[in-house]
Amino acid sequence: MSVLSEKIFGYARVSSKEQNLDRQIDELKKYVPNSVDIITEKQSGKDFERPEYKKLRMMMRSGDTLYLMSLDRLGRNKLEVKQELENLRATGVNVRILDIPTTMMDFGQYGDMQRSIMEMVNNILIEVLSTMGESERRTIHKRQAEGIAAARARGKHLGRPNVDYPINWISVYKRWQNKEITAVAAMRELDLKKTSFYKLVKRYRKENCFDKT
């Protein structure tokens with residue numbers, strides 16, 4: 001296959017309409033030559049039934065490269081993400097994840113043994129990160145359920161929340177609460193606007209029964 005036929009794509013995703021894609025797009029532009037090849041989506045990552053991602057999968061061919069800001073932008077379900085990575089590898093699509101530096105390396109200069117070792121390292125890192133992401137999501141859901149149950153026990157009626165918690169909410173929230181990062185930095189990491197960020201802070205504190213924290 002001619003090298004000229006190989007293309008570079010980017011994929012940016014957030015879970016809700018209130019979240020912002022700009023930071024992901026700006027980072028992906030550093031690696032994707034043509035901005036029209038950066039596919040964006042405001043859709044939950046619970047599965048791969050996403051319109052824009054489906055279109056992207058149809059566009060990609062063997063030898064193409066796909067850039068992601070982080071592993072959780074691909075999806076939230078550990079087993080499905082692993083399966084999708086295997087499918088992409090089988091198709092011949094190279095996946096580069098910006099916050100996993102070893103996936104950004106060009107293995108073409110190495111021998112077979114070194115390539116195998118680096119691929120094994122990448123697989124381990126992906127396994128660990130996907131497990132952490134799934135665990136964090138389950139913790140959020142568990143605390144949500146506990147908070148809702150506690151609110152109902154106090155006679156409060158809770159409607160459906162307008163904004164979803166980002167996948168990395170707990171870790172970023174804790175760093176902000178501990179004054180390790182500013183609110184602006186937290187909003188940037190979470191891809192949230194100011195109004196949505198403080199709305200989630202208020203809701204999270206109520207659900208976890210520490211309104212005065």
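Bear in mind that the values in this text are calculations on the coordinates, not laboratory data. Because the structure is a prediction, the values reported are computed rather than measured. In this analysis, Cβ positions are derived from the backbone assuming ideal geometry, glycine residues included, and neighbour counts consider all displayed protein chains.
Quick one: which residues, 5+ away or cross-chain, put their amide H under 5 Å from the amide H of Gly63? H built at 1.01 Å from N. So Gly63 has HN proximity to Val93, Asn94.
Counting neighbouring Cβ atoms within 10 Å and putting the fewest first, the residues Thr65, Thr91, Thr195 line up as Thr195, Thr91, Thr65. Highest mean packing comes first when the peptides 43-54, 11-22 are listed by Cβ atoms within 10 Å, giving 11-22, 43-54. Full extension of the chain between Thr65 and Ala90 yields a length gain of 7.7 nm, computed as 0.36 nm times the residue separation minus the alpha carbon distance.
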